[in-house]
Structures are given as C-alpha cells and as structure tokens.
C-alpha cells in the first residue's frame, strides 16, 4: 500500500477535485445525490444530516466545474428501512447512501441496496456510519462501514473495565436487538478471558422496561460496574431509576449512549465508548471539521456527525473522481487503503479490508463532560 499522505485532508480533497473536474457525468437532474438513510422519527438523528450537509457544502465550495453535489433525504413520513433503501436506490440521482446508523436497520436494508431481486442491476453503495454488528462484516459487495465492529469495541471495553476501573464483577443490561446481543456476547467472552465475572446478563425491551425492578436487582447484586449496550434514552431512564433507590454503581455505556453527554450534569460519572470526541480532536482534519461544524450549527459535532461526514466525503470524492457511475463508485471505495491510499478522515484513518470493515479504527472510553 502506498505511504499514507500527511497533508491536511482539505488540501488532498482540493487536489482530487481539480484533477477530476471533467470526469463527472450529469445525473437526471444534473446534480450528484448523496442519500441519507435513517428513521426520521428517531431522536438524535439531526446530526447525521448535519454531517452530510457539511460534507456536501465543502465539496461544492471546492469544486472546479462538473456537476454539483446534493444531499437527498428519505421521505419524512417513512420509517421502514426497506422502503427507505428502495426509494433511494430507485432515485437516479443517488450515487451512494450514508446509513443506516443502526445495525438492525442496516441488516434489514442491505439486500435493497445490493438490488438482489434484480441480480444487482441497479445496486448502489451504502456506507454505514455507526452500524457496528459483526453480522455486517462481508454481508455483500455493496455495503461498507467506517466504524469499528461490536467485537472490537466490546473487547476494548472489557479491557478498560478490568485494567482501568479494576471492576471484576459486572452486570450487563443490553437492548434486546442485534446491537445489544452482539455487544453482550463479545463483551462477556472477553471479560471472562480477563478473569472478570458477569453476575447479571439481562435484555431489555425499548419503551417497555420496568426500570425500577432492574434497579432493585442491581442493588441486590452489588456489581462493580454496569455495562449498558443500549440507547441514550433508555440509559437515562435506567440511571434515574437507580439513583432513586440509592444505587451508585458506575454505568458504562456502549457507543449508542454517546448522547449522555447532554446529561453530564445529572450523571457526571457515566462513561461510554466513543469513536470520535470533538473536545479531544488532535488531527488537522478533525480540528478543521470541529471548527466548521461548530460555526455552522452552533454546537460541537457528535460521533454520528463525524462518521456521517466521513462517509459522505468518501462517496462525494468517488463521484468526482470517476463520475456518477454506481459500479465505479463502489470499486473506488473498495480500493481505499488498497490500490488507493488510505484516507485521513475526521474520525481517524479510513482503509477497508477484504470484507469492507474499517481497519484499525480508534475506540476510546470517555467520561461525560470530561
């Protein structure tokens, strides 16, 4: 693999755009569309749109001829991932899709992006920004992701709890879906390997959980730590139920609980796994992104924004380089870190292995507000 360029990402991007300005072909509208696939009714998803919107704006600002890029959202009243994927695939302006942000919805939709019912005739590449399930590894030739898998993240978490928190007894309360089950399984294995003991391993159903009962059981077990592979919204309810009966056991969430930053004042000791943290940005690419995002949206970016930005940049750069041909865009993205240089994304280096997983993506465990 060629040596990784150390120039700032914006400089590299400008060079690519200048070199490729004449290669783009107009789509039906004369613009190149980057689709965004998510449930429009789910809380916390606006930052996904923000990240893609910022990427599109920056690509267009640095364009030197050729078709403009645009963001294309799914229908505002459609939550079903299969319908969302089908609509984006059938839109002739869409050359690639950012999403879905969750493992379950990504698994539901990947057949639509690959157009399996038509033998792939109208397939379009999809890059999941935060779909972490191991089931996505090598799922099909049209799917990529720019985040670590649950296996990597949960094993990092197990080492952190054992080595840094010295927590030898853990309660695991996980969301009863692909994300939570994968996390609980791989964490438990790694934790046992490190001589930790899982004293509780219970699933919960989103929106249907008696958190007071869970809190009472944790109080009885007295674990050293609570691992919570679930959502921010559910973590807040669980923490409030525990606080109400005097449970002070530290809670450490998976990557889906990054939204707990908004509750730092209420739960200052909570930790979670993160793939990007704006206040810890060190690379030129990350610093420039944080500054631009904060100026545009009057708040710092979260990891969904950063990873969505990286995914959109990959699709946009590919379209500028090879034109709006979907197959060529897929091949271009697949070559990142192989025939082409790895990319310095804002959430870390981007290179893909043979199964389209991101290689060596950083995972950190952070305390809210710190």
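Values in this text are rule-based calculations from the coordinates and carry no lab data. For clarity, every value in this text was computed on a predicted model and none was experimentally measured. Glycine also receives a Cβ, built like all others from the backbone with ideal geometry; neighbour counts cover every protein chain displayed.
Computed over the Cα atoms of segment 285-363, pair by distinct pair, the Kirkwood hydrodynamic radius stands at 13.4 angstrom.
The alpha carbon gyration tensor of segment 193-350 gives principal lengths a ≥ b ≥ c with a/c of 1.5 or higher and a/b greater than b/c, which makes the shape prolate.
Under a GNM of the chain (C-alpha, springs under 10 Å), which listed residue has the highest mean-square fluctuation: 254, 96, 120? Between 254, 96, 120, it is 120 that shows the largest mean-square fluctuation.
Among 335, 149, 248, which one shows the biggest mean-square fluctuation in a GNM of the chain, springs joining Cα atoms closer than 10 Å? Checking each option, the largest mean-square fluctuation is seen for 248. Please find the FRET efficiency linking residue 31 to residue 220, where r is the Cβ-Cβ separation and R0 is fixed at 45 Å, and quote it to the nearest 0.05. With R0 = 45 Å, the Cβ-Cβ based efficiency is 0.15.
Label reach from residue 79 (point 7 Å along Cα→C-beta): in segment 196-211, amide nitrogens under 20 Å belong to 204-210. Residues considered: 32, 315, 245. Largest GNM mean-square fluctuation over the chain, using C-alpha springs under 10 Å, is found at 245. On a 0 to 90 degree scale, rounded to 10, what angle separates helix 232-244 from the longest Cα axis of the chain? Approximately 20 degrees, to the nearest ten.
Across all directions, the average projected area of the convex hull around the alpha carbons of segment 33-134 is 6.8 nm².
Could you tell me what percent of the DSSP beta bridges with both partners in the chain are antiparallel, to the nearest 5? The antiparallel proportion sits near 20 percent. Compactness of the chain is given as radius of gyration and Dmax, 20.8, 68 Å, from Cα positions. Note on residue 298 and residue 335: the extension gain reaches 9.8 nm, defined as 0.36 nm multiplied by sequence separation minus the Cα-Cα distance. Calculate the translational D of segment 150-274 in whole µm² s⁻¹ from Stokes-Einstein, where the hydrodynamic radius comes from the Kirkwood formula applied to all Cα pairs, the temperature is 25 °C and the viscosity 0.890 mPa s. Estimated diffusion coefficient is 175 µm²/s. Measuring r between the beta carbons of residue 262 and residue 287 and using R0 = 25 Å, the FRET efficiency lands at 0.65.
Full extension of the chain between residue 212 and residue 353 gives 46.3 nm of extra length, using 0.36 nm per residue less the Cα-Cα distance. Axis of helix 150-163 versus longest Cα principal axis of the chain: the two differ by about 40°, to the nearest ten degrees. The stretch between residue 57 and residue 118, if pulled fully straight at 0.36 nm per residue, gains 18.6 nm over its current Cα-Cα span. Output the 0 to 90 degree angle, nearest 10, between the alpha-carbon long axis of helix 178-193 and the longest principal axis computed from the alpha carbons of the chain. Roughly 60 degrees between the two axes. Between residue 163 and residue 140, the FRET efficiency estimated from the beta carbon spacing at R0 = 30 angstrom works out to 0.20. Highest average first, the peptides 176-185, 43-52 ordered by how many other beta carbon atoms sit within 10 Å of their residues are 176-185, 43-52. In whole Å, what is the distance between the alpha-carbon centres of segment 49-105 and segment 230-285? Taking the Cα centre of each part, segment 49-105 and segment 230-285 sit 29 Å apart.
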